[in-house]
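Undergrad: Got a structure for you, questions after.
The values are calculated or read from the model by the stated rules, or taken from the named source; none is laboratory data. What you are looking at is a predicted structure, and each value in this text was computed from that prediction instead of being measured. Positions of Cβ are backbone-derived with ideal geometry, glycine not excepted, and every protein chain shown enters the neighbour counts.
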Amino acid sequence: MKIIKIETHLANQFTFLKIITDEEIYGIGEVHPASGTTGTAFTIRGAIEHCAEYLIGKNPLEIEKHWQHLFRRSIFRGGADLMAAIGGLDIALWDIAGKAANLPIYQLLGGPTRDKVRVYAHINGDNIDELIEDAKIKINQGYTALRLYPFGDFNASLPNSIVGIVKTAVNRVEAVKKVVSDEIDIMIDAVNRLSPAEAITLGKSLEQYNLFFFEDPIESDNIDALAQVTNSIRVPIATGERLYTIYQFLELLNKNAASYIRPDLSLAGGITNCKKISSIAEANYIGVIPHNPLSPVLTAACAQLCASTHNISIQEYFTNEQLPPKSNLVDQTLSVNKGHLNIPNRPGLGIDLNLEAFKHYPPIKRERQYLRTSDGSLRDY
């Protein structure tokens with residue numbers, strides 16, 4: 001079997017690819033926008049073409065060999081765009097391997113370690129009343145873990161004072177805790193927007209609420225600073241969605257900078273690399289919570305990794321996967337029951353693209369609004 005063509009397919013804000021072989025077997029993958037998270041992801045498309053230059057004519061079943069070539073044929077290794085391209089292609093290669101063997105991917109990775117995957121849902125609200133109402137809806141839908149943005153509207157500026165930051169976050173967490181039982185886990189995501197001092201102050205104020213985790217309190221570039229935050233508070237830190245090599249994750253683990261790591265299969269080199277990242281986390285007694293911000297295709301890839309990996313703590317899940325446009329872009333979505341994602345048993349990923357629907361969802365730019373402080377300077381956005 002040989003790879004004869006690699007296609008890139010765009011719909012809405014999503015980038016998919018399709019690897020076609022000469023034996024009428026194909027695989028699909030999804031690619032993180034990487035450095036195009038705001039604006040148009042031009043560079044990721046170039047990275048896919050760069051990788052396709054090597055893959056055309058190769059046997060798709062030699063996955064590890066191809067992964068190493070794609071990573072090492074660039075002298076300056078890594079980089080978000082290249083690793084995202086490798087990630088999407090790797091997912092598609094595993095899809096082909098599963099279809100060729102007539103098995104789900106997790107069976108090729110050693111078989112299942114669990115029957116289903118616990119997920120957490122996102123709750124939103126511009127004010128506390130809306131946040132509480134959304135929490136009640138998600139609980140009634142069966143979710144047992146809820147994640148919230150603690151500073152109000154996602155695109156609004158943070159309060160100017162540390163007192164305001166702490167008060168806003170504590171009020172929102174406290175309000176949600178009051179309407180959930182002890183069987184419901186709560187987690188927050190600061191989206192890398194705090195300084196170490198702000199993160200430590202906020203973390204100490206939230207210790208009494210027994211959060212599942214405090215996600216991305218500061219920017220992830222400085223692992224030493226992240227370790228300082230992690231070791232200064234008793235709230236577990238989850239981070240890693242912006243990291244993409246095993247070496248970055250190894251540094252994170254070596255410096256005890258996180259209680260949970262969050263590799264993104266569509267950014268951090270696909271199933272192959274994230275399986276390795278999960279293994280080094282297992283050796284450090286660290287849980288893995290795969291980052292999953294895109295479409296049902298990435299969710300399906302996460303399900304395969306989660307099924308075959310022992311140290312999965314929980315899986316991120318966006319409930320809007322069951323709604324257009326996401327639901328229309330695939331032949332079927334994975335089902336969720338009582339807060340758990342059902343692992344598909346179809347060959348490969350267990351999901352396919354519905355390319356006929358793509359014409360109804362033309363590509364759009366991904367836009368994240370600038371986040372400014374009162375003096376006009378930027379926070380991470």
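Undergrad: Please work out if Ser313 is assigned by TED's automatic domain parsing to the domain that holds Phe154, out of contact with any helix residue (DSSP H, G or I) (no Cβ under 7 Å at 6 or more places or on another chain) and hydroxyl-bearing (Ser, Thr, Tyr).
TA: yes
Undergrad: Scan the stretch 153-164 for residues that are surrounded by 14 or more Cβ atoms within 10 Å (Cβ to Cβ) and within 16 Å of Leu378 (Cα to Cα) and report the count.
TA: 4
Undergrad: Looking at (1) among the hydroxyl-bearing types (Ser, Thr, Tyr); (2) under 25 Å from the mean Cα position of the chain (by Cα); (3) at pLDDT 95 or above, can you tell me which one Thr37 breaks?
TA: It fails just one condition, (3).
Undergrad: Being over 11 Å from the mean Cα position of the chain (by Cα), closer than 15 Å to Gly110 by Cβ and either touching a residue at least 24 places away in the same chain (Cβ under 8 Å) or in the same structural domain as Gly29 (by TED's automatic domain parsing) (or both) is true for just one of Ala307, Ala281. Which residue is that?
TA: Answer to the check: Ala307.
Undergrad: Of these, Ala357, Ala300, which one is crowded, with 16+ Cβ neighbours inside 10 Å, hydrophobic (A, V, I, L, M, F, W, C), modelled with pLDDT of 95 or more and within 16 Å of the chain's Cα centre (by Cα)?
TA: Ala300
Undergrad: Another question, then. Answer yes if at least one residue in the stretch 253-274 is among the aromatic types (Phe, Trp, Tyr), in a loop (DSSP other than H, G, I, E, B) and either out of contact with any Cys (no Cβ under 7 Å at 6 or more places or on another chain) or crowded, with 20+ Cβ neighbours inside 10 Å (or both), and no otherwise.
TA: Scanning the stretch 253-274 turns up no residue that is among the aromatic types (Phe, Trp, Tyr), in a loop (DSSP other than H, G, I, E, B) and either out of contact with any Cys (no Cβ under 7 Å at 6 or more places or on another chain) or crowded, with 20+ Cβ neighbours inside 10 Å (or both).
Undergrad: Also: Give, as residue ranges, the helices (runs of 4 or more DSSP H) completely inside the stretch 105-212 that count at least 1 residues that are touching a residue at least 60 places away in the same chain (Cβ under 8 Å) and touching a Phe, Trp or Tyr at 6+ places or on another chain (Cβ under 6 Å).
TA: 105-108
Undergrad: In this structure, is Ile218 assigned by TED's automatic domain parsing to the domain that holds Gln248, of a type in the set (A, V, I, L, M), part of a loop (DSSP other than H, G, I, E, B) and touching a helix residue (DSSP H, G or I) at 6+ places or on another chain (Cβ under 7 Å)?
TA: yes
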